[in-house]
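Working notes, structure below.
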């Protein structure tokens, strides 16, 4: 809840904010600079980044689509209590309809700081900054660190 620029946080929200700020201070320039970016569009496997500090990250297209950082998607995730990459809950159906897997129709660099996917479902608003991607690395070590912190 907020009023005139004042934001009231629960204890849990404050702790999460402090954890995010602590993690933000830990990343070096090399940790936020990609040395090689591979979008495995033809194979449908997702995206890989080799970072200047030697770390390697991989994200599936499904995770990337569910983690879209645009304002609309962030707000929708916040309202439903989902974290980036967590899929929407699907209602139980007797005969579920086929949904094609998330895949970009095209991909483009956005300056020297991000990448933008134009998804086959028509969504194009998300700009995935290198900072966002590194902070949401899906490797086992980074996921363990984020759940421990």
Exercise for review: Please work out which one of (1) touching a strand residue (DSSP E or B) at 6+ places or on another chain (Cβ under 8 Å); (2) at pLDDT 80 or above; (3) surrounded by fewer than 16 Cβ atoms within 10 Å (Cβ to Cβ) is the condition residue 47 fails and give its number.
Suggested key: (3)
Practice item. Please go through segment 56-94 and pick out each residue that is surrounded by fewer than 16 Cβ atoms within 10 Å (Cβ to Cβ), part of a loop (DSSP other than H, G, I, E, B) and in contact (Cβ under 8 Å) with a residue 24 or more places away in the chain. Key: 70, 87
Practice item. Hey, can you tell me all the residues within segment 116-149 that are within 13 Å of residue 70 (Cα to Cα), touching a residue at least 24 places away in the same chain (Cβ under 8 Å) and out of contact with any helix residue (DSSP H, G or I) (no Cβ under 8 Å at 6 or more places or on another chain)? Key: 127, 129, 132
Check your understanding: Among the candidates 102, 109, 31, which residue alone is part of a helix (DSSP H, G or I) and either surrounded by fewer than 14 Cβ atoms within 10 Å (Cβ to Cβ) or touching a residue at least 12 places away in the same chain (Cβ under 8 Å) (or both)?
Key -> 31
Check your understanding: Of the numbered conditions (1) in contact (Cβ under 8 Å) with a residue 60 or more places away in the chain; (2) in a helix (DSSP H, G or I), residue 17 satisfies every one except a single condition; which is it?
Key -> (1)
Practice item. Output the number of residues of segment 39-53 satisfying the condition of being out of contact with any helix residue (DSSP H, G or I) (no Cβ under 7 Å at 6 or more places or on another chain) and either in a strand (DSSP E or B) or in contact (Cβ under 8 Å) with a residue 24 or more places away in the chain (or both). Key: 5
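The values are calculated or read from the model by the stated rules, or taken from the named source; none is laboratory data. For clarity, every value in this text was computed on a predicted model and none was experimentally measured. Here Cβ is always computed from backbone atoms with ideal geometry, including for glycine, and neighbour counts include all displayed protein chains.
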